[in-house]
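Peer 1: So that we are looking at the same thing, I have put the structure below in structure tokens.
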Amino acid sequence: MTEATARAYPNIALVKYWGKRDEALMLPVAGSLSMTLDDLPTTTTVSLTDSNADAFSLNGEAQSGSGLTKVVRFLDLVRDMAGSPTKAQVVSTNEGPTAAGLASSASGFAALALAASKAYGLDLDLPALSRLARRGSGSASRSVIDRFAIWHAGTDDASSFAEQIDAPDMRMIVLTVSGQKKEVSSRDGMRRTAETSPFWEGWVSSTETLLAEAADAARAHDFTKLGELTELHAMRMHAVIMSAAPSIRYLAPASFAAFDALKELRQQGIETYGTADAGPNIVAIARPDDAAAVAERLSEFGSTLTVGPGRGAHLVEG
Ligand code: PMV
């Protein structure tokens, strides 16, 4: 096959990934746990060409600069694995992640990993595909997996990959409080936090402990326990990020107001918990029957989108 098309969705972590032990191999300091979404896909076609350079277009626009460089470096990894010098044309479309304020790197590199590996004739199993996607963006390792994924930190390239984990059915209510581009990229933010926070070691060791508890809660379908750990871990991540020097603050006043609203909903008997990535947007989790009430309450702070557990990266007709 010299052309393949793949689709993948973003994922949102319940137990976060924040920090690398190896930047080149994208090995994380600790494991993480996420839900793959059923909306906002990236669809990517990779076609081998006889051109002497790779080309990449996103939503119909030819890319240059750092966007293109990341894709070329990723294709180089695939070419190394396949033993092929051939260049490729990469055509990607992202369905609305910008509007939802969700990072598209996870869906982007998961789709690219599958489409490129197929186009270059590789037949990777799921762990190998997850390891390859990880090299593009750490969180992409989780978007190759259906529904819920646990990314084992591992100690080397071979042992750091995501696999499926059983978890209670839930919905995520994505609240966009700001569509602005984040001020500090997750890559730079992770590096600065690791280099300057006096709380770094506590963050790493407590994440491994919390991940084990969250994985147990997920497998036991204990939504309450999993939700409590999700919100706690988000607070710890933003606390350690704020403790970097110079301090980084991704959460905005509206983000805190939204967390307060979730607490009020809990007091009213609607069980919902929040998390937030490297930006001001909040993602609430709820049981399916409670999702509409949570979305209605959060719409006070911005636009909301309700999503459920979705498919991992898969091939589609081009
Ligand atoms: O994979 P990256 O570089 O986009 O990092 C993702 C970092 C967080 O979204 C903040 C947490 C996570 O686990 O997804």
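The values are calculated or read from the model by the stated rules, or taken from the named source; none is laboratory data. Everything numeric in this text was worked out from a predicted model, so none of it was measured. Note that we place each Cβ from the backbone using ideal geometry, even for glycine, and neighbour counts take in every protein chain shown.
Peer 1: Of the residues E228, E195, which single one is among the acidic types (D, E) and within 20 Å of A284 (Cα to Cα)? Step through it out loud before you land on a result.
Peer 2: Values: E195 fails: within 20 Å of A284 (Cα to Cα).
Testing whether each residue is among the acidic types (D, E) and within 20 Å of A284 (Cα to Cα) leaves just E228.
Peer 1: Then there's this: Just give me the residues in segment 264-291 being acidic (D, E) and assigned to a loop (DSSP other than H, G, I, E, B), in sequence order.
Peer 2: Pass one, segment 264-291, residues acidic (D, E): 264, 271, 277, 289-290.
Listed by number, the residues that qualify are E271, D277.
Peer 1: Taking segment 92-107 as the search range and keeping residues that are among the small types (G, A, S) and farther than 20 Å from S34 by Cα, which one is modelled with the lowest pLDDT?
Peer 2: In the first step, residues of segment 92-107 are kept if they are among the small types (G, A, S); the result is 92, 96, 99-101, 103-107.
Then keep just the ones that are farther than 20 Å from S34 by Cα; that gives 92, 96, 99.
On the way: S92: 96, G96: 67, A99: 50.
Among those residues, the one meeting the criterion is A99.
Peer 1: Only one residue in S32, S66 is polar (S, T, N, Q) and either closer than 14 Å to A119 by Cβ or out of contact with any helix residue (DSSP H, G or I) (no Cβ under 8 Å at 6 or more places or on another chain) (or both), so which one is that?
Peer 2: On the way: S32 fails: either closer than 14 Å to A119 by Cβ or out of contact with any helix residue (DSSP H, G or I) (no Cβ under 8 Å at 6 or more places or on another chain) (or both).
When all the criteria are applied, what remains is S66.
Peer 1: Does G179 satisfy the condition of being more than 16 Å from the ligand (Cβ to nearest atom) and modelled with pLDDT under 95?
Peer 2: Values: more than 16 Å from the ligand (Cβ to nearest atom): yes; modelled with pLDDT under 95: yes.
Yes; evaluated as a whole, the condition is true for this residue.
Peer 1: Can you tell me which residue among A215, A254, A261, A244 is touching a helix residue (DSSP H, G or I) at 6+ places or on another chain (Cβ under 7 Å) and not in a loop (DSSP other than H, G, I, E, B)?
Peer 2: Working: A215 fails: touching a helix residue (DSSP H, G or I) at 6+ places or on another chain (Cβ under 7 Å); A254 fails: touching a helix residue (DSSP H, G or I) at 6+ places or on another chain (Cβ under 7 Å); A244 fails: not in a loop (DSSP other than H, G, I, E, B).
Only one candidate passes the filter, namely A261.
Peer 1: Hey, does segment 12-19 have a residue that's without any contact (Cβ under 8 Å) to a residue 24 or more places away in the chain and either under 17 Å from the mean Cα position of the chain (by Cα) or not in a loop (DSSP other than H, G, I, E, B) (or both)? Write out each step before concluding.
Peer 2: From segment 12-19, those without any contact (Cβ under 8 Å) to a residue 24 or more places away in the chain are none; that's our starting set.
Scanning segment 12-19, I find no residue that is without any contact (Cβ under 8 Å) to a residue 24 or more places away in the chain and either under 17 Å from the mean Cα position of the chain (by Cα) or not in a loop (DSSP other than H, G, I, E, B) (or both), so the answer is no.
Peer 1: In this structure, does R187 turn out to be touching a strand residue (DSSP E or B) at 6+ places or on another chain (Cβ under 9 Å), modelled with pLDDT under 95, within 12 Å of the ligand (Cβ to nearest atom) and outside any loop (DSSP other than H, G, I, E, B)? If you could, list the steps in order and put the result at the bottom.
Peer 2: Values: touching a strand residue (DSSP E or B) at 6+ places or on another chain (Cβ under 9 Å): yes; modelled with pLDDT under 95: yes; within 12 Å of the ligand (Cβ to nearest atom): yes; outside any loop (DSSP other than H, G, I, E, B): yes.
So R187 fits the description; yes.
Peer 1: In addition: Quick check on my filter: what residues within segment 230-273 are more than 19 Å from the chain's Cα centre (by Cα), without any contact (Cβ under 8 Å) to a residue 40 or more places away in the chain and under 17 Å from W203 (Cα atoms)?
Peer 2: M242, S247, R249
Peer 1: Now a separate question. Quick one: which strands (runs of 3 or more DSSP E) sit completely within segment 55-169 and have at least 2 residues that are surrounded by 15 or more Cβ atoms within 10 Å (Cβ to Cβ) and touching a Ser or Thr at 6+ places or on another chain (Cβ under 6 Å)? Talk me through it step by step, then tell me what you get.
Peer 2: Numbers: elements: 55-58, 87-94, 148-151, 162-164.
Because the criterion is at least 2 residues that are surrounded by 15 or more Cβ atoms within 10 Å (Cβ to Cβ) and touching a Ser or Thr at 6+ places or on another chain (Cβ under 6 Å), the strands (runs of 3 or more DSSP E) in segment 55-169 that meet it are 87-94, 148-151.
Peer 1: Restricting to segment 24-54, count the residues that are in contact (Cβ under 8 Å) with a residue 60 or more places away in the chain and not in a strand (DSSP E or B).
Peer 2: Residues of segment 24-54 that are in contact (Cβ under 8 Å) with a residue 60 or more places away in the chain, as a first pass: 25-48.
Narrowing further to those that are not in a strand (DSSP E or B): 25-26, 29-31, 38-41.
The qualifying residues number 9.
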